[in-house]
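Participant: Here's a structure for you.
The values are calculated or read from the model by the stated rules, or taken from the named source; none is laboratory data. Bear in mind that the values here come from a model prediction, so they are computed numbers and not experimental data. Reconstructed Cβ throughout: ideal geometry from the backbone, glycine too, with neighbour counts over all protein chains shown.
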Amino acid sequence: MASTEETKTAQVRIQLTTRYPDIELPDDPGPLLVSTGFRRYALSTLVNNLLQTERPVPFEFLINGQFLRTSIDEFLTANGISAETTLTVEYVRALIPPLHVSSYEHDDWISSVDVLSGSSPAVREAEEVSSGQERILSGGYDGLFRMWNMSNEVIATSNAPDEGGHTLAIKSVKFISPQKIASSSMDRTIRVWDYSEESATLTPTLELYGHKSSVDSIAVHSQSSRILSSSSDRSVGLWTTKKSEAPSAPENLIPKARNKRRKLSHPTPSKTGTQRGPLSLLTGHTDVVSSAIFSPTDHTVGYSASWDHTIRTWDLTTSACVDTRTTAHPLLSLAAMNGANLLAAGTSARHITMIDPRASATTIAAMTLRGHTNGVVSLAADPDSPYGLVSGSHDGTCRVWDIRSVRPGVGEVGGGQVGESVYVIPREILKEKGKSKAPVGGEGLKVFGVCWDKHVGIVSVGEDKRVQVNKAGDIIRT
């Protein structure tokens, strides 16, 4: 390796490039000779000078798909690249730390969160959600979910059990459309609700029965009116929100009401007027199914993750499992990263396994993301980038990842690379209590759910009974 003095004076030829027209160099300067001692800051200054920016813009740099985290010389040495090579260096705007915007307080632990904005999947082309009219849904262990506006105000709350609401803790809540919501619960049901913005009311319209245990997560595909559910009964459910298309509910699963005079039991009348069953129940997992999602490119394909260490791919038109990938640990959460053709699976072993679900994939784990100190129970992809991901963990933090920020995975099971988080988002309540970090294991601060919305930001919920909103400042995403 070159000495420090040699590193300062040695030079390497680089070719600057970017995929983003708004920060493209007006004139291609061609290959440039720069010191191998340059790090990110020096390269960022160079690009700003070439762009002649009025205010410096912080940039990150990628070489062969990896972020430059050292000097160029150290990068070349670590990757076995000759200094005689002309390096193609891609520059992109740096991620800005997501800052705390606001927190909304619940009466109980919060299990799930979803956001409605102009960029949400639940909003179709003919619909609009104006800036400032975004909505946040939060589902609680008190059996209720709440609709919040951006002024920290609850504008609607779901019904109590005697009025058609859930009878046990809510585990998942999702927008189907700006006027329709789905929720699932430990009471083994999924319920569909109509929402009126004018009257700020939530009306239960459909009760879905089929699971024999807690329904721990749901995913919706608004255009096809389909719902996927995962349950601790080891099955995945496929449902429709259209009453006319849904089969009858299984009578043995509908709660019974007892006639005291005749000592007879009969199905409890629905408070919503409609009880329906699943289009199909997908079986094959041998333990709790923690998460089920639709493929982002084909709603007839679904993926499920389970405590049985597997991710299964389902053909939803035939209810057949077409692929099974087995990992080393129980899986607690799942998210799809569309542009990267990867599935992110949160594990009980405190890391995230990145899996290529395509049949042509030669390895199971393409990458491992490490940094959490407890189970990773919630994941959400960056809505603006194929490389970004946010995770929520029982360690009391969320972490923001860029899967281009990697290092060789020495000693990793199955090989692959190791990614490290770009930012850590602590629970804001820690600052209020004058503490710098969460207790070991995250006791009292466990994150149960996280959502990433282009307009609202990163919204997380958990054991601290708070909906916490974090958002980057004035930034044009890469």
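Participant: Which residue is surrounded by the most Cβ atoms within 10 Å (Cβ to Cβ), if the candidates are limited to the stretch 174-204 and must be touching a Ser or Thr at 6+ places or on another chain (Cβ under 8 Å), assigned to a strand (DSSP E or B) and of a type in the set (S, T, N, Q)?
Facilitator: Checked the stretch 174-204; the qualifying residue surrounded by the most Cβ atoms within 10 Å (Cβ to Cβ) is SER184.
Participant: Confirm whether PRO26 is farther than 22 Å from SER405 by Cβ and touching a Lys or Arg at 6+ places or on another chain (Cβ under 7 Å).
Facilitator: no
Participant: Report yes if some residue within the stretch 223-231 is part of a helix (DSSP H, G or I) and either in contact (Cβ under 8 Å) with a residue 12 or more places away in the chain or within 20 Å of GLY164 (Cα to Cα) (or both); otherwise report no.
Facilitator: Scanning the stretch 223-231 turns up at least one residue that is part of a helix (DSSP H, G or I) and either in contact (Cβ under 8 Å) with a residue 12 or more places away in the chain or within 20 Å of GLY164 (Cα to Cα) (or both).
Participant: Restricting to the stretch 322-339, what's the tally of residues that are touching a residue at least 12 places away in the same chain (Cβ under 8 Å), surrounded by fewer than 17 Cβ atoms within 10 Å (Cβ to Cβ) and assigned to a strand (DSSP E or B)?
Facilitator: 3
Participant: If I filter the stretch 136-156 for residues that are closer than 23 Å to VAL377 by Cα and of a type in the set (Lys, Arg), do I get at least one hit?
Facilitator: Yes, the conditions are met somewhere in the stretch 136-156.
Participant: Only one residue in LEU208, LEU202 is under 27 Å from PRO278 (Cβ atoms), in contact with a Pro (Cβ under 9 Å, 6 or more places away or on another chain) and of a type in the set (A, V, I, L, M). Which one?
Facilitator: None of the others qualify; the one that does is LEU208.
Participant: Please list, ordered by first then second residue, the pairs with beta carbon atoms under 8 Å, 6 or more apart or interchain, first in the stretch 267-291 and over 17 Å from LYS242 (Cα atoms), second at pLDDT below 65.
Facilitator: These pairs meet every condition: PRO267/ALA257; THR268/ALA257; PRO269/ALA257.
Participant: Can you name every one of the strands (runs of 3 or more DSSP E) wholly within the stretch 340-434 that holds 1 or more residues which are modelled with pLDDT under 95?
Facilitator: Qualifying strands (runs of 3 or more DSSP E): 342-347, 352-355, 365-370, 388-393, 397-402, 406-408, 417-420, 423-426.
Participant: Sort out which residues of the stretch 110-166 are of a type in the set (S, T, N, Q) and either surrounded by 14 or more Cβ atoms within 10 Å (Cβ to Cβ) or not in a loop (DSSP other than H, G, I, E, B) (or both), and write them in order of number.
Facilitator: SER111, SER112, SER117, SER119, SER120, GLN133, SER138, ASN149, THR157, SER158, ASN159
Participant: Which of the residues belonging to the stretch 19-55 are touching a residue at least 12 places away in the same chain (Cβ under 8 Å) and under 14 Å from ARG93 (Cβ atoms)?
Facilitator: ARG19, TYR20, ASP22, ILE23, ARG40, LEU43, SER44, VAL47, LEU51
Participant: Just the residues that are at pLDDT 95 or above and either part of a helix (DSSP H, G or I) or aliphatic (A, V, I, L, M) (or both), please, taken from the stretch 457-478.
Facilitator: Answer for the stretch 457-478, where residues must be at pLDDT 95 or above and either part of a helix (DSSP H, G or I) or aliphatic (A, V, I, L, M) (or both): ILE458, VAL459, VAL461, VAL467, VAL469.
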